[in-house]
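Okay, structure first, notes after.
What follows is calculated from the coordinates using simple rules that are stated; it is not laboratory data. Note that this is a predicted model, so its numbers are computed, not measured. Virtual Cβ from ideal backbone geometry, glycine too; neighbours counted across all protein chains shown.
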Amino acid sequence: QVQLVESGGGLVQPGGSLRLSCANSGRPSSIGFMGWFRQAPGKEREFVAARGRDNISILYADSVKGRFTISRDGPKNTVTLQMNSLKSEDTAVYYCAVRMAMSAATQPKKYHYWGQGTQVTVSS
């Protein structure tokens with residue numbers, strides 16, 4: 001069983017930075033991709049970024065490329081999302097997710113385990 005615990009959300013001004021972290025209790029050898037999704041009020045959950053176990057396969061949504069960086073620590077079984085140059089449209093609940101398969105995916109239904117979510121609010 002995989003359990004995910006997120007931390008690092010909060011309130012930040014436009015142009016600011018935040019760092020989200022996610023620790024999971026699953027066996028590193030059985031996990032394919034670890035990633036982040038977000039969901040704003042009244043909108044569907046959308047893909048943000050993901051990183052494969054090989055640490056070579058890295059995916060970003062177009063809306064965050066160049067601003068967000070996903071990193072993964074295999075031995076510690078953690079994934080972090082460094083968010084820079086934040087915009088008001090980045091406001092959402094951010095979810096950590098795990099995909100057990102080794103192939104890349106960006107659809108929420110392809111991920112098997114989810115964290116409880118952490119709120120990120122970008123506002124002046």
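A straight Cα-to-Cα reach below 21 Å connects Lys110 with the lysines Lys43, residues fewer than 8 places away in its own chain not being considered. Among beta bridges identified by DSSP and lying wholly in the chain, the antiparallel ones come to about 90 percent. Basic side chains Lys and Arg get +1 at the Cβ, acidic Asp and Glu get -1 at the Cβ, and with that the dipole of the stretch 58-124 about its Cα centre reaches some 200 debye. Each Lys or Arg adds one and each Asp or Glu subtracts one; over the other residues with Cβ under 10 Å from the Cβ of Val79, this totals +1. Considering only Met34, Met102, Met83, the Gaussian network model of the chain with Cα springs below 10 Å gives its largest mean-square fluctuation to Met102. Taken about its Cα centre, the chain carries a charge dipole of about 240 debye when Lys and Arg each add +1 at the Cβ and Asp and Glu each add -1 at the Cβ. Inter-label distance, Gln13 to Asp54: 4.4 nm, where each label sits 7 Å from its Cα along the C-beta direction. Computed from phi, the 3J(HN,Hα) profile of the stretch 99-115 under the Karplus parametrisation 6.51, -1.76, 1.60 (θ = phi - 60°) reads 10, 7, 7, 8, 7, 6, 7, 10, 7, x, 5, 8, 9, 9, 9, 9, x Hz, with x in place of Gly and Pro.
Name the residue, out of Val79, Val98, Val12, whose mean-square fluctuation peaks in a Gaussian network model built on the chain with Cα pairs under 10 Å. It is Val12. Which distance in Å, rounded to a whole number, links the C-alpha centroids of the stretch 75-124 and the stretch 1-69? The stretch 75-124 and the stretch 1-69 have Cα centres spaced 3 Å from each other. Straight-line cross-link reach from Lys65 at under 15 Å between alpha-carbon atoms covers these aspartates and glutamates, not counting any fewer than eight positions away in the same chain: Glu46, Glu89, Asp90. Shown is the FRET efficiency for Ser123 and Ser25, computed with R0 = 35 Å from the Cβ-Cβ distance and rounded to the nearest 0.05: 0.55. Mean sequence separation of contacting Cα pairs (under 8 Å, at least six apart), scaled by the length of the chain, corresponds to a relative contact order of 36 percent.
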